[in-house]
Amino acid sequence: MKKYQFYGWEQADVPATSKTYEKIKNPKELYDILSEIWCADTCAPRMRERWSKENQTLGQCSITAFLAQDIFGGKVYGILRPGGNYHCYNVVGDCCFDLTSEQFGDEILDYRENPEQFREVHFQKEEKRQRYEYLKKELETYLGRASEQTKQLYKVLLSKGYPKELCAEIAYKNMNTDYTATRMLGYLYRVTNPMIEDLVDEMLAILSDREAIIQKKELEHAQAVINDMYKNGL
């Protein structure tokens, strides 16, 4: 399982409640997507000069928390900071998570008994509302691209001769790499009985078609999974 650094990631498995964002499985997946979107333009102006890709959550808390609320529901709470500002985070049922906690490094924040935060108050600052709208628009653009990539993946898998049901399962359910490798390898093994080397090459070619959707390190991990499976047998 991939490990994250943001507060509450271990229990951050709540599903999206909005159909607009139903492709986002949980807050961890939202974090992965936002990691490609957060930028100096979405950072609070007073912190913008200090923002960097290495400290990508700096100045992103309120707009991120309210966007997460759009997706997963729940409430937004705030931790009072020196200077009178509030650091925002999310609570959905019994799940408390803070997608932007990494900006505080080793500082331990207190997530107990903090006041609820409301967008009507925060967005009285026009610049903050505009940053939220920008982040939201970029997220929706990202999801639109991912949807098109999913369609392309389905067509590629179908063109390779795999059953429609299997192609749909892999492409549209966006299965993780280990699952994809197991399912595809199992199908290939049953119907073709190829040489192991040929099968590994074919599997890697299939996974390469997913490169626009999954990270390169996951492809490398998939290769290790495939090789290990054929050392020890399916």
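Evaluated against (1) within 16 Å of A16 (Cβ to Cβ); (2) among the small types (G, A, S); (3) touching a Lys or Arg at 6+ places or on another chain (Cβ under 7 Å), G74 falls short on exactly one condition, (3). Among residues of region 28-47 that are exposed (fewer than 14 other Cβ atoms within 10 Å of the Cβ), those with a beta-carbon under 7 Å from a residue that is polar (S, T, N, Q) at least six positions away or on a different chain give the pairs S35/Q56. Among the listed residues T141, T100, T150, which satisfies the condition of being of a type in the set (S, T, N, Q), in contact (Cβ under 8 Å) with a residue 60 or more places away in the chain and either surrounded by fewer than 21 Cβ atoms within 10 Å (Cβ to Cβ) or not assigned by TED's automatic domain parsing to the domain that holds D32 (or both)? Unique residue meeting the criteria: T150.
The values are calculated or read from the model by the stated rules, or taken from the named source; none is laboratory data. Here the structure is a predicted model, which is why all the values come from computation and not from measurement. Neighbour counts run over all protein chains shown; Cβ positions are idealised from the backbone, glycine included.
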